[in-house]
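Contents: one structure, followed by commentary.
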Amino acid sequence: MTQLPKPSTPERANLDAILNSPTYRIAHEDPDLLNSNAMRGVRMLLEITKPDLYLETAGIESTIIVFGGARIVDKDAAAAKLAQAEQRLSATPGSSALNRQVIHAKQLVDLSRFYDAAREFAALASQHGQADKGQSHGCASHVIVTGGGPGIMEAANRGAFEAGCRSIGLNITLPFEQHPNPFITPDLCFKFNYFSLRKFHFVMRSIGAILFPGGFGTLDELFELLTLRQVGTKGSMPIVLFGTEFWRRLVDFDYLAEMGLISDDDLDLIHFSDSAKEAWDFIHSRTQAEPEAS
């Protein structure tokens, strides 16, 4: 056995410096190394592998993606926001900014119906996955997967939760704080640093997708899914746009076809719906024979 130098000797001081040096740390226990630019590839590999291992262990066979606006809330919350906005405006009736807040709050009340629809759709899909598969751990197929945040994401996770089923949340590190909603199955909630790898896991086991009204993030995911369908990467995965009036006003898909920028057949990649049950029936009818995830 090596005899340690006495505490007051230069040799002991040097030995302490060796033991405390970052170079002496085991590589996978060195946070400075793992968080360095040189290790970005390693971090990305970990971010691919960790969720995959847990989802495999959980027996998740297939998923249905639910996207939509993070700002859409349930009816009670929307009504409360409207009351607060109106109260602030009554105190300063000449404020154009406060008047606009009231207009937005009224829109939120109207949009709350999509929260209810997402909640209902998720319950229908989750109950199917549990009843048809008969898994002792529940919900192995058609498992709802969301971005794990508020709004439509919360509504979908909530629908599965209230049905007694599991659901997945793929949260993301953002410059502003974002907590996962409280309805995700605890051991199926993941936190990502890289948007690209989060997208990878959204699509990896997906056999269907439904998109409710939303902003830039929802549009980003929509066009990625449509592109994957168009080039054949996701086979025949159904894509439902919920809220026909909203989507037809927001994106003129027919115009793209008229201009020859997409083919007429590409229009068949999209199914519009205004009913949670009809949307579920459509996806269910297209996912009877579930393809292997790619």
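The values are calculated or read from the model by the stated rules, or taken from the named source; none is laboratory data. Since the structure is predicted, the reported quantities are computational estimates derived from the model, not experimental observations. Virtual Cβ from ideal backbone geometry, glycine too; neighbours counted across all protein chains shown. Surface accessibility is based on the protein's heavy atoms, side chains included, excluding ligands, DNA and RNA. Shrake-Rupley method; radii C 1.70, N 1.55, O 1.52, S 1.80 Å.
On the basis of being exposed (fewer than 13 other Cβ atoms within 10 Å of the Cβ) and modelled with pLDDT under 95, does residue 97 make the cut? The answer is yes for residue 97. Of all the listed residues (19, 55, 15, 33), the sole one being open to solvent by 70 Å² or more (accessible area, probe 1.4 Å), hydrophobic (A, V, I, L, M, F, W, C) and either free of Cβ contacts under 8 Å to residues at least 24 places away in the same chain or in contact with a strand residue (DSSP E or B) (Cβ under 8 Å, 6 or more places away or on another chain) (or both) is 19. May I ask you to verify whether residue 287 is open to solvent by less than 20 Å² (accessible area, probe 1.4 Å) and either small (Gly, Ala, Ser) or touching a residue at least 60 places away in the same chain (Cβ under 8 Å) (or both)? The answer is yes for residue 287. Selection of region 92-109 for residues being assigned to a helix (DSSP H, G or I) and more than 20 Å from residue 76 (Cα to Cα) yields 96, 97, 98, 99, 100. In region 46-55, is there at least one residue being in contact with a Ser or Thr (Cβ under 7 Å, 6 or more places away or on another chain) and aromatic (Phe, Trp, Tyr)? No: zero hits.
Could you say whether any residue in region 8-22 is among the hydrophobic types (A, V, I, L, M, F, W, C), closer than 30 Å to residue 282 by Cα and either outside any strand (DSSP E or B) or modelled with pLDDT of 95 or more (or both)? Within region 8-22, not a single residue is among the hydrophobic types (A, V, I, L, M, F, W, C), closer than 30 Å to residue 282 by Cα and either outside any strand (DSSP E or B) or modelled with pLDDT of 95 or more (or both). Look at region 149-164: where a residue is touching a residue at least 40 places away in the same chain (Cβ under 8 Å) and a partner is of a type in the set (Asp, Glu) and open to solvent by 30 Å² or more (accessible area, probe 1.4 Å), sitting 6+ places away or on another chain with Cβ atoms under 8 Å, you get 155/74; 155/116; 159/120. Only a single item in (1) closer than 29 Å to residue 49 by Cα; (2) open to solvent by 10 Å² or more (accessible area, probe 1.4 Å) is not met by residue 116, and it is number (1).
Among residues of region 229-268 being of a type in the set (Gly, Ala, Ser) and closer than 22 Å to residue 284 by Cα, the one that is modelled with the lowest pLDDT is 235. Can you find a residue that is within 24 Å of residue 140 (Cβ to Cβ) and either out of contact with any strand residue (DSSP E or B) (no Cβ under 8 Å at 6 or more places or on another chain) or part of a strand (DSSP E or B) (or both) anywhere in region 253-269? Taking every residue of region 253-269 in turn, none turns out to be within 24 Å of residue 140 (Cβ to Cβ) and either out of contact with any strand residue (DSSP E or B) (no Cβ under 8 Å at 6 or more places or on another chain) or part of a strand (DSSP E or B) (or both). Does at least one position in region 128-135 carry a residue that is modelled with pLDDT of 95 or more and open to solvent by less than 10 Å² (accessible area, probe 1.4 Å)? Within region 128-135 (the criterion being modelled with pLDDT of 95 or more and open to solvent by less than 10 Å² (accessible area, probe 1.4 Å)), the answer is no, since none of the residues qualifies.
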